[in-house]
Amino acid sequence: MNFLIPMIQSGLGLPHVLSVSAIVFSLGLFALLTQRHLVRLLMGLVLMLTASVINMAAFSAFLPGRDGHGTALLLMLALVVQLAVGAGLTITAYTRRRSVDVTSFDELGG
């Protein structure tokens, strides 16, 4: 917890960190709702998960007795797994359809 001491001693409080996290989450949600490119959709999901990791770290730093580090590490592990699966799906989609536009994936069968 010693690495969080400069952040706690600075002028930044919990509302400031949560505001940044809300902005990052909103950007991810906006990308998820407006984009049709598969890579951009995955980037929106990554931004949303990153915002949740920021929230966990902030609550762990500012609230005594809370242990959010383990949960934040698990969320980061889920983020890495999501990136690996997303990269595999993107490569497979591009080799099959020669496009990564999600509107062209209207069939379930191969």
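With labels modelled as points extended 7 Å from the Cα through the Cβ direction, what inter-label distance (nm, one decimal) is found for Leu63 paired with Leu77?
In this crude spin-label approximation the distance works out to 2.2 nm.
For segment 20-105, give the percent of accessible area contributed by carbon and sulfur heavy atoms, probe 1.4 Å, rounded to a whole number.
Numbers: 4020 of 5450 Å².
The nonpolar share, carbon plus sulfur, comes to 74 percent.
Looking at segment 35-88, which trypsin sites (Lys or Arg not before Pro) are in a loop (DSSP not H, G, I, E or B) and have at most 13 other Cβ atoms within 10 Å?
Arg36, Arg66
Based on the Cβ-Cβ distance from Ala22 to Tyr94, what FRET efficiency comes out when R0 is 25 Å, to the nearest 0.05?
Numbers: r = 34 Å, r/R0 = 1.34.
Efficiency, rounded to the nearest 0.05: 0.15.
The values are calculated or read from the model by the stated rules, or taken from the named source; none is laboratory data. As the structure is a computational prediction, the values presented were derived from the model and not from experiment. Because the Cβ atoms are built from the backbone with ideal geometry, glycine has one as well, and the counts that use them run over all protein chains shown. Each accessible area value is taken on the protein alone, full model and side chains, heavy atoms only, with ligands, DNA and RNA left out. Shrake-Rupley method; radii C 1.70, N 1.55, O 1.52, S 1.80 Å.
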